[in-house]
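Below you'll find the structure, written out as structure tokens, and then a few comments.
Readers should treat all values here as calculations from the given coordinates under stated rules, not as data from a laboratory. Because the structure is predicted, anything quoted here is derived from the model rather than measured. Counting neighbours? That spans all protein chains shown, and the Cβs are built from the backbone with ideal geometry, glycine included.
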Amino acid sequence: VSASLKNSYKDDFYIGTALSADQIEEKNAKEDSLICREFNAITAENIMKSMFVHPQKDKYDFTLSDKFVAFGEKNKMFIHGHTLIWHSQLAPWMEKIKDSIEMKAFMKDHITTIVSQYKGRINSWDVVNEALNEDGTLRKSVFLNTLGEDYLVDAFKLAAAADPKVDLYYNDYNLEDPAKREGVIRLVKKIKAAGGKIDGVGSQGHWQLDSPSLEEIEKSILAYSALGVKVAFTELDITVLPNPWDLKGADVNQNFEGNAKMNPYPEILPDSVQTKLAQRYADIFKLFLKHKDKISRVTFWGVHDRQSWLNDWPIKGRTNYPLLFDKELQPKKAYNSVMQLKEAK
Ligand code: G3I
């Protein structure tokens, strides 16, 4: 058995990656073999979102998502669906849904059709994505506006009805923040109390070098699993760049353009930062291993640094280095540090 992330962690949890549309279409043989060598779980980075699979009221388009699921089946991978109900990347017509009657009809049709399409073939779904504000209250959205908080319970019930065996997740970011953590706990309890089925909480894991702390990550793992659900880290990446909003300081109107600090490593990541990133990943995976009985899956939000959504964000030309493989698809120090944790035993 060759050395790889998926082989090293095979007794612990799935090691996944998000796939871009090009990767799903297997446009690059080198990327394709890297994906199959290192990962045993996949999530579609974009193409299963509402605007892509349900572009018009009476029209679904499963062309790419069918390819995505076939890719996972061919390679015997764990297949995760992302995402059924999210306020972002909606088709324009969905934003115009105006009352509870229309919204109820939409949710029933949308969730039932998509989940049924892959019944028995997809292992887990993000049923609802990013429904919470930072303070743990419910985020304003077309769903909340038309249906009130019951839309959450409805979504989980509809998904379970369409495929009773698939694992159903609530997925969100900053779930290590104490206020948001309390919000998730309330939400999971509410869904269960209302007779809904929820099997897991997905913490996206878009993290920094120094935050969140290992203590807060551990508290969240323990708090969510105490509710009787699985914990997954679903979109892991670690930015090595300063938070742009910190750089802007108090002046919220100042734009980012021309701020040299926005892009401190435009060509290559200095060795000292490589080392910091490797240490951070090692600390995090050590914690994941400590709680492997509670963790179902750890998925990176992309295969390599060239693919990351953190490039060109929040301004064009910003280059980031958040993953385990570099822009040439070579393993970084961070890859070695994650592998070494298992070799040491
Ligand atoms: O589809 C258009 C295409 O037609 C056009 O040619 C191209 C030109 O730039 O843009 C394409 O749309 C982009 C889309 O990704 C598909 O590539 C959007 O501009 C771009 O904004 C969009 O970004 C995605 C983002 O979600 C949207 O919110 C990122 O790739 C994706 O990584 C990111 O993923 C989210 C998770 O779903 C939820 N959690 C946070 C995470 C990171 O933001």
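Structure summary
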| quantity | calculated |
| --- | --- |
| Distance between modelled label sites at Q330 and K189, nm, 7 Å Cα→Cβ extension | 5.2 |
| Length added when fully stretched, S2-E343, from 0.36 nm per residue minus Cα-Cα | 121.5 nm |
| Label-point separation in nm, A21 to E134, each point 7 Å along Cα→Cβ | 3.2 |
| The chain - Debye-derived log10 I(q)/I(0), Cα point model, q = 0.12, 0.14 Å⁻¹ | -0.89, -1.23 |
| Mean Cα-pair separation over length for the chain, i.e. relative contact order, pairs under 8 Å, 6 or more apart, % | 16 |
| Selection of trypsin sites (Lys or Arg not before Pro), the stretch 5-89, meeting DSSP coil and at most 15 other Cβ within 10 Å | K10, K27, K57, K76 |
| Point-to-point label distance, N28-K98, nm (Cα→Cβ direction, 7 Å offset) | 4.6 |
| The stretch 201-246 versus the stretch 287-345: alpha-carbon centroid distance in Å | 14 |
| Shape of the stretch 3-78, Cα gyration tensor, a/c cut at 1.5 | prolate |
